[in-house]
Amino acid sequence: MLQRDPSKDYKTADDSGIHVEYVNAVYDTLMKAPNEVPKEVLKAVINSLLKDRKNKDHRLWPHTKDDLRAYLILLQNPQFSTLSTYVIFAHLLRQVAALSDHDHHFLVHWIKLLERDRFKGILERLHNFIACRLFPPKPEDLPPLAKCSWWIPCATKVMALLNAANNLAQPPLVAHTDFYNSTLDHLDLMAEYYAWQNPSSHAGFSFCQYPFILSIAAKRSVLQKDSEQQMIIQARKSLVAKVQRRQLPDVGMLFLNLTIRRAHIVSDSLNEVARKQHDLKKKLKVVFAGEPGLDMGGLTKEWFLLLLRKIFHQDYGMFTYDKRAGVHWFSLTPCENYQEFNLVGVLMGLAVYNSINLDVRFPTVCYRKLLSPAVVPFNNPRATVGIVSVTLDDLKILMPDTARGLQDLLEYDGDVEDDFGLTFEVSQAEFGQMKAAALKPGGENLSVTNDNREEYVSLYCEWVMNRAVYQQFAAFYHGFHSVCASNALIVSLGFIGCHPLDRTLCCM
């Protein structure tokens with residue numbers, strides 16, 4: 001049952017060697033069998049797990065590949081869908097979670113080869129297991145939570161293996177949203193967040209360690225409440241500082257107050273943000289010069305709308321917009337001053353921080369770049385930021401027409417060098433003139449051929465999403481993190497895919 005060919009030694013991560021059709025047939029038959037048969041199977045599972053438990057140091061025990069195959073087969077057991085099997089299921093999850101990193105590596109690569117339905121079956125059973133352990137329909141049917149506090153951490157760690165496998169699979173076996181567990185929306189998420197932020201005083205497990213399992217609503221809640229807490233802290237600091245200087249406190253000191261002239265909205269915004277760097281984490285309030293009225297939220301939203309409409313207009317030259325993709329990207333043209341890109345980063349940060357809806361969409365690679373690194377390098381303004389690995393799939397989201405042309409180049413059956421006449425360079429507008437940029441040293445003299453076209457496509461993607469926009473994005477990155485320097489952001493952006501921050505900006 002374990003191997004398709006018992007005489008063959010399967011030792012690679014590329015093939016588990018499991019006789020998949022046979023395993024599937026056994027489980028399908030098991031679910032239709034009389035009650036006595038499933039009970040006997042569960043007894044066999046218990047004996048197997050108890051045998052494994054005899055070794056005290058489970059992690060260090062050298063597992064054979066047959067052991068790992070057995071774990072993978074047991075995880076697919078559909079019997080673990082029922083509450084009565086959860087005690088056995090929990091012990092299986094505990095042993096899988098405790099495997100070494102080396103063993104996890106093999107399991108992840110084998111899991112990504114599962115059929116979609118089998119993969120979804122494991123995922124659904126894990127979701128139900130976590131939900132029922134947190135909120136049991138009949139508490140008396142399960143052991144007291146205090147005696148099995150390890151159940152949920154082990155299940156979540158195994159789910160992390162599935163998430164890693166799903167990210168490796170091309171295409172992914174399931175949508176990233178299938179990993180969301182909406183049951184967690186009913187937990188005290190801020191308690192989870194604070195426990196994660198303060199491991200010394202709250203030792204143990206937190207769902208914030210595994211952001212892929214948190215829904216968009218959960219992530220947004222953590223981000224919003226964390227922002228509110230930071231606003232209170234900043235306001236309190238200002239108040240204490242005033243009192244210590246024996247000055248009379250005023251209400252205005254509790255806010256980030258921006259006074260803007262409509263006719264000079266970009267320059268005034270730049271100056272105000274630069275002048276009030278230390279107040280960026282206070283609650284935002286905007287006043288238009290010469291106009292009466294209190295900002296109850298409407299003026300702030302109008303300021304965002306007018307400023308972003310100006311900055312993101314293609315005639316302004318800072319960003320491009322692809323109508324087919326529906327996303328903005330940084331202009332590939334170098335400029336003399338990157339302050340305005342820093343301002344846009346601050347604006348995006350203020351929008352997230354103040355829970356303001358902005359109708360601006362960036363491609364997913366932008367959010368990966370914002371986490372590279374997730375924490376701004378301390379006292380090193382020249383540290384490299386925003387550089388990530390990119391592929392043609394990323395370019396398809398950003399520039400679908402350009403990506404289609406590159407895909408055609410890769411699939412072309414004729415002579416690429418003669419028929420396309422390309423070299424390893426690209427043309428770009430720079431201060432009103434077209435200039436060539438080499439994709440690699442000496443690229444202007446290197447022809448693109450059938451043999452090196454994959455390298456050309458890879459370098460082109462690297463140029464569009466990293467090299468050509470490095471200064472622009474670095475300014476944007478530092479502006480954003482000057483406001484949103486928080487672990488809550490890591491929770492919100494903590495997975496690759498359709499980013500919740502994008503939805504936070506567009507759907508608040």
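What follows is calculated from the coordinates using simple rules that are stated; it is not laboratory data. Because the structure is predicted, anything quoted here is derived from the model rather than measured. Here the Cβ positions follow ideal geometry from the backbone for every residue, glycine too, while neighbour counts run over all protein chains shown.
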**Complete:** the chain: longest segment with zero exposed trypsin sites (Lys or Arg not before Pro), where exposed means DSSP loop plus at most 10 other C-beta atoms within 10 Å, is residues 57-244
**Request:** Kindly work out what percent of the DSSP beta bridges joining two residues of the chain are antiparallel, to the nearest 5.
**Result:** 65 percent
**Request:** Provide the descending list of Cα extents for the stretch 133-172 along its principal axes, expressed in whole angstroms.
**Result:** 43, 18, 10
**Request:** Any lysines with Cα under 19 Å of the Lys323 Cα? List them, leaving off those in the same chain fewer than 8 positions away.
**Result:** Lys310, Lys396
**Item:** Cα Rg over Rh - the stretch 389-446, Kirkwood
**Value:** 1.01
**Message:** Just to be sure I understand the model, the point goes 7 Å from the Cα along the line to the Cβ. What's the resulting Asn445 to Val20 distance in nm?
**Reply:** 5.0 nm
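Tyr470: net charge of surrounding residues, Cβ under 13 Å, Lys/Arg +1, Asp/Glu -1, itself excluded? Please report the intermediate quantities before stating the final value.
Numbers: positive: Lys369, Arg382, Arg467; negative: Glu462.
With Lys, Arg at +1 and Asp, Glu at -1, the net is +2.
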**Asked** Considering the chain, what Rg and Dmax in Å follow from its alpha-carbon atoms?
**Response** 27.6, 86
**Complete:** At 10 °C and 1.306 mPa s, the Stokes-Einstein diffusion coefficient in µm²/s for the stretch 229-359, with hydrodynamic radius from the Kirkwood sum on alpha carbon pairs, is 98 µm²/s
**Complete:** Over 28 Å (Cα to Cα) among Lys112/Lys147; Lys219/Lys281; Lys276/Lys435; Lys157/Lys282 -> Lys112/Lys147; Lys276/Lys435; Lys157/Lys282
**Message:** Amide H of Thr423 versus every other amide H placed in the peptide plane: which residues, excluding those fewer than 5 positions away on the same chain, fall under 5 Å?
**Reply:** Val448
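What longest range of the chain stays clear of loop-exposed GluC sites (Glu not before Pro) (DSSP non-H/G/I/E/B, at most 14 other C-beta within 10 angstrom)?
Details: sites that count: Glu115, Glu336.
Within the chain, the longest run free of exposed GluC sites (Glu not before Pro) spans 116-335.
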**Request:** State, as an integer percentage, the relative contact order of the chain based on alpha-carbon contacts under 8 Å between residues 6 or more apart.
**Result:** 13 percent
**Asked** Excluding same-chain residues fewer than 8 positions from Lys283, which aspartates and glutamates have a Cα within less than 18 Å of its Cα?
**Response** Asp226, Glu228, Asp250, Glu272, Asp295, Glu302
**Asked** In units of 2.2 N^0.38 Å, what is the alpha-carbon radius of gyration of the stretch 358-473?
**Response** 1.21
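Taking K and R as +1 and D and E as -1, what net charge do the other residues with C-beta under 13 Å from the C-beta of Ser267 add up to?
Numbers: positive: Arg261, Arg262, Arg275, Lys310; negative: Asp268, Glu272, Glu340.
For residues surrounding Ser267, the net value is +1.
Kindly give Rg over Rh for the stretch 20-179, based on alpha-carbon atoms, with the Kirkwood expression for the hydrodynamic radius.
Values: Rg = 15.4 Å, Rh = 16.4 Å.
Value, to two decimals: 0.94.
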